[in-house]
Amino acid sequence: MPSFLKHRPSLPVWFVLLGIGCVIGIAGVINVLVHGHAEVYNVTREIPWGILIATYVFLVVSSTGLCLISSLGHVFGIAKFEFIGKRAIILAILTLLCGFGTIAMELNHPIRMGIYAILSPNFHSAIWWMGTLYGIYLILLCGEFYFLMKGMHKGAFAMGMLGFVAAISAHSNLGAVFGLLEARPFWHGSFLPIYFILSALVSGGAIVSMIVYFSHKDSGEEMPQKYDDFIQTIAKLQTLFLWMLVFFVVWKIIPGVYGHPPEKYEATMAMLTGPLAFNFWFFEVLLGLVVPVGLLLNPGTRNAIGVMYAGLSATIGIFFMRYDLVVAGQLVSMREDAANLVNGLLQYTPSLTEVAIVVGAISLCLLLYTLAERLLPLNPDEH
Amino acid sequence: MENKRFAIVLDSRRCIDCKACTVACKAENNVPLGTDNYRNWVDEGKLRGHYPNLGQSFTPSQCQHCGNAPCAHVCPTKATEINPDGIVHVVADKCIGCKYCQTACPYNARYYNEDIGAVDKCTFCSQRIYVGRLPACVETCPTKVRVFGDLNDPCSEVSRLLAKYPSRVLKEAQGTKPFLFYLI
């Protein structure tokens, strides 16, 4: 592995990069607050959900994954996983909050949501349940983090157990936000709630691989024995999760093309050969699946840095999985004779403002985590 | 209105694609300018046949005021309401702009209206029909494609047309139970 790949950016460089990312995000937020959604976003009446929704999904999937992986330690009692508990939970809280921030920029009236979700709730709406369940989940994560920081293991176990149930409920329900839409054959059905849980595990495993590598003090491949043992375990677990994800991707694609099911076929082909093909083959398949599986299966790269790169690669791939899932479901017009189709499909490319907000949200999340890492006692024996 | 079930029956073979219905609707309902902003539309079908034997059909449409409306099921704040007479409408103050209804509607009948700060859609011109007038699209059509009326009244023109002629609804398999009927 080339030596420049083995060194982390120095802390000042890291802070400058994240600072620039946050400034870009703030510029995007100001732009949309001044000019309005219609002026600066590229979403349309036919494709109303764009990259901001995809990023929201990506961030909350990451949160769920972190919660599930960390629960292996202080809920299910697998001792090796206990030492990542605090880091995983604080990052789960931060990814969730940044996800909320991203969707707030997509909603036209986030304040009305707070009011009318309580005054006029629709219990039939998966989005109402999404807000409620993620709200409960956030409270439980905060409680769990508090008990972990105080070293109160019983409290952390109770909160972790409830948080685990909330994470599974909230996240499968997020799959149902898409899966309950009969009008969108690419999304409709019980596949997405199940797939969302599985892909959360992949996200969680990938991010935990990265935080274990980046949180220990020394740069490079040499690590204390405890870290090294954990890396070997997470590598095996992550390989299993990735193979399961391969299975899910294959069985999402085959029913989408077999027999050319109307609308589902066109959306699937948009991913295989159409406007989303580069995203699918390069990011989802190569970076999201092939590279991490290769790094994890090869004994020569199954070390701290290799597992970290596998996590990074999978995380980038998973971001595009979210984007492609959200966009592909809307590319097929609801009206077959609509006038604005290109090769039979609608079109969406994120605007600069949308991309700026995505960059800002991810940078803010990383910045807050870096600060937490420096300011809070996150090692397992520190209280 | 109680004891009524409003519907529109369309004879799309009469449509000449003049789009007067869209213009009248925009003017009547203060629909903002912009290609995404409309409550009703005319879809232009593919050209059929070969020269000199050619044909083309036009399908005017709008919100179907579904009997089983997916937009109302999914709205997290019950901003989409359904009147006893079947009219599906949005309470602007409750709309949070999540656009879930836009992804749920199989007819793409909704758009976000920046002027009112809410998702907007056809209301059968309720401001007109509740005072005994016709919807703007019905009144303005030069070839009388659309007929508006109450299906609970067996003597209304819509009831008589549906009794006399076979008809179809759009995307029947979606189970939305539309109340726009196209004469075959």
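The values are calculated or read from the model by the stated rules, or taken from the named source; none is laboratory data. Just so you know, these numbers come straight off a predicted model, no measurement behind them. Every residue, glycine among them, receives a Cβ derived from its backbone with ideal geometry; neighbour counts consider all protein chains shown.
Identify, from the list A:I90, A:I136, A:I103, A:I118, the residue that is facing chain B (nearest Cβ under 9 Å) and either assigned to a helix (DSSP H, G or I) or at pLDDT below 95 (or both).
Just one listed residue meets the conditions, A:I103.
Looking only at the range A:32-85, filter to residues that are within 14 Å of chain B (Cβ to nearest Cβ) and among the hydroxyl-bearing types (S, T, Y); which one of those is surrounded by the fewest Cβ atoms within 10 Å (Cβ to Cβ)?
So the residue we want is A:T44.
Could you list, ordered by first residue, the pairs with Cβ atoms under 6 Å in which the first is in the range A:164-189 and more than 9 Å from chain B (Cβ to nearest Cβ) and the second is hydroxyl-bearing (S, T, Y) and assigned to a loop (DSSP other than H, G, I, E, B), at least 6 apart or interchain?
none
Of the residues A:T64, A:T44, which is among the hydroxyl-bearing types (S, T, Y) and more than 12 Å from the chain's Cα centre (by Cα)?
Every option except A:T44 fails the conditions.
Go through the range A:95-151 residue by residue and tally those that are basic (K, R) and surrounded by fewer than 17 Cβ atoms within 10 Å (Cβ to Cβ).
Count: 1.
Can you tell me which residues in the range A:234-262 are surrounded by fewer than 19 Cβ atoms within 10 Å (Cβ to Cβ) and either over 22 Å from the mean Cα position of the chain (by Cα) or not in a helix (DSSP H, G or I) (or both)?
A:I254, A:P255, A:V257, A:Y258, A:G259, A:H260, A:P261, A:P262
Kindly list, by first and then second residue, each pair from a residue in the range A:125-151 that is in contact (Cβ under 8 Å) with a residue 40 or more places away in the chain and over 16 Å from A:S172 (Cβ atoms) to a residue that is part of a helix (DSSP H, G or I) and among the basic types (K, R), limited to pairs with Cβ atoms under 8 Å and residues at least 6 apart or on different chains.
Cβ pairs passing all conditions: A:F145/A:K86; A:L148/A:K86; A:M149/A:K86.
Any chance the range B:41-60 includes a residue that's in contact (Cβ under 8 Å) with a residue 40 or more places away in the chain, within 29 Å of A:W49 (Cα to Cα), outside any strand (DSSP E or B) and not charged (D, E, K, R)?
Scanning the range B:41-60, I find no residue that is in contact (Cβ under 8 Å) with a residue 40 or more places away in the chain, within 29 Å of A:W49 (Cα to Cα), outside any strand (DSSP E or B) and not charged (D, E, K, R), so the answer is no.
Do we have A:G155 as under 19 Å from A:I69 (Cβ atoms), without any contact (Cβ under 8 Å) to a residue 24 or more places away in the chain and either within 14 Å of another protein chain (Cβ to nearest Cβ) or assigned to a helix (DSSP H, G or I) (or both) here?
no
Can you pull out the residues in the range A:316-339 that are surrounded by 21 or more Cβ atoms within 10 Å (Cβ to Cβ) and of a type in the set (S, T, Y)?
Within the range A:316-339, just A:Y323 meets the criteria.
When you scan the range B:31-54, how many residues do you find that are touching a strand residue (DSSP E or B) at 6+ places or on another chain (Cβ under 9 Å), away from every other protein chain (no Cβ under 11 Å) and of a type in the set (S, T, N, Q)?
Final tally of qualifying residues: 1.
Of all residues in the range B:75-94 being surrounded by 24 or more Cβ atoms within 10 Å (Cβ to Cβ) and more than 7 Å from chain A (Cβ to nearest Cβ), which is farthest from the chain's Cα centre (by Cα)?
B:A79
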